[in-house]
1. Put +1 on the Cβ of every Lys and Arg and -1 on every Asp and Glu Cβ in segment 118-200; which of L180, L196, L151 then has its Cα farthest towards the positive end of the dipole?
2. In nm, give the distance between the simple-model label positions of R78 and E24, each being 7 Å from the Cα along the Cα-to-Cβ direction.
3. Put a dot 7 Å past each Cα toward the Cβ at H33 and R166; how far apart are the dots in nm?
4. Residues of the chain: accessible area per residue at 1.4 Å, in Å²?
5. Using Cα-Cα distances under 8 Å and only pairs 6 or more residues apart, what relative contact order does the chain have, in percent?
6. Looking at segment 1-103 from every direction and averaging, what is the projected area of its Cα convex hull in nm²?
7. Run the numbers for Q8 and D97: contour at 0.36 nm per residue of separation, minus the present Cα-Cα distance, in nm.
Amino acid sequence: MTGTERRQQLLDVAKELFAEKGFEGASIEEIAHRADVSKPVVYEHFGGKEGVYAVVVDRETHLLLDRMVAALHGGHPRAMLEQAAVALLGYVEESHDGFRILVRDSPVASSSGTFSSLLNDIASQVEHILAQQFSARGYDPKLAPLYAQALVGMVALTGQWWLGARKPKRDEVAAHLVNLAWNGLSHLEGKPRLHLDGRD
């Protein structure tokens with residue numbers, strides 16, 4: 001096995017182990033054992049558990065972000081929303097270990113965690129699209145960041161739920177997400193207010 005192939009093997013083994021046990025539960029010993037190598041081989045490639053974990057997280061972060069950004073180019077805004085929802089759910093479906101690592105060890109509520117940072121990166125892409133659409137429709141484009149966070153958060157948290165549920169099928173989940181988001185966006189009030197007193 002070449003050095004590149006060995007590194008890839010160790011990353012694949014580590015990804016599976018981190019998804020299964022989390023960062024704290026995984027060990028260099030177990031990564032080495034599952035890869036059928038000695039511990040020094042793992043240390044030689046990554047310097048330690050933190051090093052291999054950082055590479056796994058970085059790889060998964062870029063994989064998901066690249067998929068999301070690629071889905072947000074061209075077409076009608078509703079089509080882009082559909083493509084983004086399918087892209088995120090497709091990542092959950094095809095790289096469930098990677099998504100589990102990003103979600104488990106970096107909770108969405110944490111402002112400094114990798115999953116939160118990733119969602120912010122995706123939201124910033126969505127924000128530019130929403131700002132253009134808001135301006136074209138007479139809404140305040142300064143509110144685009146708020147709506148971008150809400151949309152991305154809705155899809156990401158649904159993805160977390162769907163990771164365990166796996167029903168209904170991906171495209172049906174995406175269709176329901178788009179139904180909620182699009183029909184909500186297409187009937188936005190210019191100046192929404194709360195109706196806590198029960199009056200219209």
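The values are calculated or read from the model by the stated rules, or taken from the named source; none is laboratory data. Since the structure is predicted, the reported quantities are computational estimates derived from the model, not experimental observations. Cβ: placed from backbone, ideal geometry, glycine included. Neighbour counts: every protein chain shown. Protein only, heavy atoms only, side chains kept; ligands, DNA and RNA dropped before computing areas. Shrake-Rupley method; radii C 1.70, N 1.55, O 1.52, S 1.80 Å.
1. L180
2. That separation, rounded to one decimal, is 4.7 nm.
3. Going by the 7 Å Cα→Cβ label model, 2.6 nm.
4. 55
5. The value is 18 percent.
6. 7.1
7. Answer, rounded to one decimal: 30.5 nm.
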